[in-house]
């Protein structure tokens, strides 16, 4: 299953212990929306918990700061980037090669977080 | 140094940890006396200290920076933190208290330090930010009730690449895509490392960009030829040897370097100090201190040995291999002999075998000895050789 950091996702019923563990690992839960990994989540541990509770592999994906699209497909670092360990936003294939990307990244940060 | 030249001037010029940067800034803006402290957790080189300094500057606050592992006792903390906790300047300028490496408050001398920090958080008229590398440390756990945790992570390699490309553009440096990617991944999320690698590449065109695949001899030669300590540190970082092996290889090489006696003595003194520090790190298990090993070698040793050549063992590899092979076989013979003669392997090697090898110069004895210990033909050559010594 693919999980985008900062995006809501659903899980099958996991049992009380697994749910409590996910909460302890900083996963956000909302009854209506489901679960979410946020900057405080210990994503590495949460992925392990989900994997052992559901038996499914979890592929963590990051969003592009500039356009909010999922950034990972087509990324040259896909095989070497440990997405459970890096910070939660990135750059997508479309914006990364642009010459003015550094400036666009700074502007997007100010726009998104002010 | 490019890390200084391109140090961000504002929080928006940093890379990675976008949400945490925002959350910390918002926390600082909303902070009121009696509020909790912020606790930044994350590995070195991800921008914790830089962000705190930039936020203080942005808000016109006086930054009171304190490394908790340097002031580990309650008394020392009180002396260094005490005034800042309550003070505002005559012009009403506020202070921002930054306690770095709070996970370094370990050991018996820290009794009271954690409680003092907790009290200071409650009483402080100025906001307190703490930083720790290890989010699972006891100190971080003990401070959790007084702090709001914020986790810093390394930026994704794509953002590191973006920064490197921007620096290369400003420096008019032509770097290939693949090379940039190698720097971005090789730094392991440490932005300073990545920028230093790019700078070393610009000053030493011959340097390989593959951070991990560099051979020991090449890395040591880079170390000896480095023009400054940053370049020397990069060479050491690219070395995939264990720290002890690194120190041992440098010691061997420095001994054969032909340096004048005074310089050689000074160099050996530095290596000895580094070796002592390494021993203490192993003993205390404080692995974070490992980063200072390379720094000390690059800053103190390299200027003394600059220009000399890396010298490996004098013997060629094939000879070394033969020696290792022979010693392994002698050990096997001694163990078999020890089992047969009801003695230990060590005393067989040191006391009995010299005589046995001497007797092996006679063919009949040698064959009987081989039969008795069930040695195959490969050992015959070894025994003959040992007998001829």
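Laid out as a table, the results:
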{"item": "Hits in region A:88-114 (condition: at pLDDT 90 or above, facing chain B (nearest Cβ under 8 Å) and in a helix (DSSP H, G or I))", "result": "A:101, A:102, A:105, A:106, A:109, A:110"}
{"item": "Flag for residue B:44 being within 11 Å of chain A (Cβ to nearest Cβ) and under 30 Å from residue B:232 (Cα atoms)", "result": "no"}
{"item": "Evaluation of residue B:67 against (1) away from every other protein chain (no Cβ under 14 Å); (2) modelled with pLDDT of 90 or more; (3) surrounded by fewer than 17 Cβ atoms within 10 Å (Cβ to Cβ) (one fails), failing number", "result": "(2)"}
{"item": "Those residues of region A:1-43 which are away from chain B (no Cβ under 13 Å), outside any loop (DSSP other than H, G, I, E, B) and either on the phi > 0 side of the Ramachandran plot or in contact with a strand residue (DSSP E or B) (Cβ under 9 Å, 6 or more places away or on another chain) (or both), in sequence order", "result": "A:2, A:3, A:4, A:8, A:9, A:19, A:22, A:23, A:29, A:30, A:34, A:35"}
{"item": "Residue in region B:24-37 that is farthest from residue B:102 (Cα to Cα), counting only those that are surrounded by 18 or more Cβ atoms within 10 Å (Cβ to Cβ) and within 12 Å of another protein chain (Cβ to nearest Cβ)", "result": "B:25"}
{"item": "Subset of region B:139-158 (residues that are under 24 Å from the mean Cα position of the chain (by Cα) and in a helix (DSSP H, G or I))", "result": "B:139, B:140, B:157"}
{"item": "Among the residues listed as B:361, B:308, the single one being assigned to a loop (DSSP other than H, G, I, E, B), at pLDDT below 90 and either touching a strand residue (DSSP E or B) at 6+ places or on another chain (Cβ under 8 Å) or assigned by TED's automatic domain parsing to the domain that holds residue B:251 (or both)", "result": "B:308"}
{"item": "Yes/no for residue B:48 being assigned by TED's automatic domain parsing to the domain that holds residue B:123, within 25 Å of the chain's Cα centre (by Cα) and at pLDDT 90 or above", "result": "yes"}
{"item": "Subset of region B:250-298 that is farther than 24 Å from residue B:132 by Cα and in contact (Cβ under 8 Å) with a residue 60 or more places away in the chain - its residue that is surrounded by the most Cβ atoms within 10 Å (Cβ to Cβ)", "result": "B:297"}
{"item": "Number of the condition not met by residue A:24 [criteria: (1) under 21 Å from residue B:136 (Cβ atoms); (2) buried (at least 18 other Cβ atoms within 10 Å of the Cβ)]", "result": "(2)"}
{"item": "Residue count, region B:136-177 (criterion: within 9 Å of chain A (Cβ to nearest Cβ) and surrounded by fewer than 18 Cβ atoms within 10 Å (Cβ to Cβ))", "result": "3"}
{"item": "In region A:45-81, the residues that are part of a loop (DSSP other than H, G, I, E, B), more than 9 Å from chain B (Cβ to nearest Cβ) and free of Cβ contacts under 8 Å to residues at least 12 places away in the same chain", "result": "A:55, A:68, A:78, A:79"}
{"item": "Total residues in region A:27-43, condition surrounded by 17 or more Cβ atoms within 10 Å (Cβ to Cβ) and touching a residue at least 40 places away in the same chain (Cβ under 8 Å)", "result": "3"}
{"item": "Failed item in (1) modelled with pLDDT under 80; (2) closer than 16 Å to residue B:239 by Cα, with residue B:202 passing the rest", "result": "(2)"}
{"item": "Hits in region B:100-116 - residues which are assigned to a loop (DSSP other than H, G, I, E, B), under 25 Å from the mean Cα position of the chain (by Cα) and at pLDDT below 80", "result": "B:105, B:106, B:107"}
{"item": "The listed residue being within 26 Å of residue A:112 (Cα to Cα), modelled with pLDDT of 90 or more and buried (at least 19 other Cβ atoms within 10 Å of the Cβ), out of A:70, A:60", "result": "A:60"}
{"item": "Test: residue in region B:9-17 that is more than 20 Å from residue A:86 (Cβ to Cβ), touching a residue at least 40 places away in the same chain (Cβ under 8 Å) and in a loop (DSSP other than H, G, I, E, B)", "result": "yes"}
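Conditions (1) assigned to a helix (DSSP H, G or I); (2) over 13 Å from the mean Cα position of the chain (by Cα), marked per residue:
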position: B:236; (1), (2): yes, no
position: B:246; (1), (2): yes, no
position: B:250; (1), (2): yes, yes
position: B:253; (1), (2): yes, yes
position: B:257; (1), (2): no, yes
position: B:263; (1), (2): yes, yes
position: B:268; (1), (2): yes, yes
position: B:275; (1), (2): yes, yes
position: B:278; (1), (2): yes, no
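The values are calculated or read from the model by the stated rules, or taken from the named source; none is laboratory data. A quick note: this is a predicted structure, and the numbers were derived from the prediction, not measured. Glycine also receives a Cβ, built like all others from the backbone with ideal geometry; neighbour counts cover every protein chain displayed.
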